[in-house]
Amino acid sequence: MVKSPSVYFVTLGCPKNEVDSDRMTAAVVASTYRIAESPGEADVVVLNTCSFIQDAVEESIATTFELAEDWKSHGSDRKLIVAGCMPSRYGDELVESMPEVDAFVPVADEGSLLATLERLTSHSPGPLPADTLRTAGRPSAYLQVSDGCFRSCAYCTIPSIRGPFRSMHLDDIAEEAELLASGGAKEIVLIGQDISAYGRDLDDDVTLSDVIATVASVEEVEWIRLMYVQPDGITEKLLNAMAAEPKVCHYLDMPLQHASEAVLRRMNRSGDTESFLHLIARIRALMPDMALRTSVIAGYPGETRRDVRELHDFIRRAEFNYVGVFAYSPESGTVAAELDGLPTKRTRLSRAQAVRDIADEVGVAKAAEQFEREIDVLIEDVDEDGTPVGRWRGQAPEVDGVVLLDSGTVGTIVRTRIVDVLGYDLEGEVL
Ligand code: SF4
């Protein structure tokens, strides 16, 4: 019997790309292709790329040429598909510069991946089931509730890559949450470019609070986490919904990008030090144990020493648990790339490191507050030494550190006493 072609996915970039790859994988499996365990076993490799800043573009280009050279050239019939944000950002330019690639599938066309696979492999897939498709089996799963963005931050390429803001319908969110939970997910992480804007494009009067209620109504779901929540979208209604629903982790990822009013206005963003500190005080008044993550950009065009001091002071006073720090990167096609007053690359990198040092000082001290506390830990994996590894409600996947345990089963939530703290990582004894 002729074996159906096997496909291997390589995913670069953010959790949104991971969801896109997961949906594409599920559709490929449902269409009777096989999923290869490694490139070596694959007839087709799909590289899902990222391109929101230059570093990501360079990584996507390098990975494409590596696959072409180290994988495709070693098999006469092998096909290489490049998907995601790089084809969305650069379009036909890539066709000429990357003749090794057999097909490009931009973000907006990922639904056409199956047709592309059929064209390249001459394999006629079976009929595709109508309902939502995701792969299963992980204790934690991302659920993308919206895509694209309606904002126009001066430095950002994402609206031009992922398009205008669009919410997923609540019924589809309910169906996907059920599917992920029945596949073993105890934690659902809500993501988008800006989930605080959920519902703004829908006719019926729904908001992020309704998404929380919908996902919380799925019995097997035990934790709900909110990522990418823009500060001016954090309403009393949202905070009350978070405080009222026990399944919601007291955790918020709210990108602020800077604290200086002057810099924020040049970014075409709102807010300033005092309004952000006021917002954080409101959040902590309602949920004192709230873990806060933010992201900031250092070395933005026109940033003065005074702006730098204001940002340092703000990071100390706000006491974030985690801060993602980016050295500003001028991106072609953005308003910010035309701004004057661009600090040298060296200055941008050193300013970013200075912010990171302050944020780590604060963040590690916050992590140490968990010492000798009893907390719930979701066990996600076992490391190479056989140690169960998990996260507590105050740690998001992939970015905030882990909890190392002395025992436990993957996919369970265990009550744990923290017996040691190692930077952002914790060590726990299961009770
Ligand atoms: S909110 Fe985020 S995705 Fe939207 S334009 Fe601003 S930085 Fe980009």
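The values are calculated or read from the model by the stated rules, or taken from the named source; none is laboratory data. Every value quoted in this text rests on a predicted model; they were computed, and no experiment measured them. Glycine also receives a Cβ, built like all others from the backbone with ideal geometry; neighbour counts cover every protein chain displayed. With ligands, DNA and RNA removed, areas are computed over all heavy atoms of the protein, side chains included. Shrake-Rupley method; radii C 1.70, N 1.55, O 1.52, S 1.80 Å.
Rundown of residues vs (1) within 16 Å of the ligand (Cβ to nearest atom); (2) more than 21 Å from the chain's Cα centre (by Cα); (3) in contact (Cβ under 8 Å) with a residue 12 or more places away in the chain; (4) within 30 Å of Val218 (Cβ to Cβ), yes/no style:
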{"site": "Glu96", "(1), (2), (3), (4)": "no, yes, no, no"}
{"site": "Asp109", "(1), (2), (3), (4)": "no, no, no, no"}
{"site": "Met168", "(1), (2), (3), (4)": "no, no, yes, yes"}
{"site": "Gly184", "(1), (2), (3), (4)": "no, no, yes, yes"}
Which numbered condition in (1) in contact (Cβ under 8 Å) with a residue 12 or more places away in the chain; (2) more than 16 Å from the ligand (Cβ to nearest atom) is the only one that Asp205 fails? (1)
Could you tell me which residue of the stretch 140-152 is farthest from the ligand (Cβ to nearest atom), considering only residues that are assigned to a loop (DSSP other than H, G, I, E, B) and open to solvent by 20 Å² or more (accessible area, probe 1.4 Å)? Phe150
Out of Leu256, Leu239, sole residue that is within 23 Å of the chain's Cα centre (by Cα), within 16 Å of the ligand (Cβ to nearest atom) and more than 18 Å from Glu175 (Cβ to Cβ): Leu256
What is the number of the single condition among (1) over 19 Å from Val211 (Cα atoms); (2) out of contact with any Cys (no Cβ under 6 Å at 6 or more places or on another chain); (3) open to solvent by 20 Å² or more (accessible area, probe 1.4 Å) that Asp171 does not meet? (1)
Residue among Val399, Val362 that is in contact with an Asp or Glu (Cβ under 9 Å, 6 or more places away or on another chain), open to solvent by 20 Å² or more (accessible area, probe 1.4 Å), in the same structural domain as Thr294 (by TED's automatic domain parsing) and closer than 29 Å to Ala243 by Cβ: Val362
Tell me yes or no: at least one residue of the stretch 381-388 is more than 25 Å from the chain's Cα centre (by Cα) and open to solvent by 80 Å² or more (accessible area, probe 1.4 Å). yes
Mind checking which residues of the stretch 198-211 are surrounded by fewer than 23 Cβ atoms within 10 Å (Cβ to Cβ) and either touching a Pro at 6+ places or on another chain (Cβ under 7 Å) or hydrophobic (A, V, I, L, M, F, W, C) (or both)? Leu202, Val206
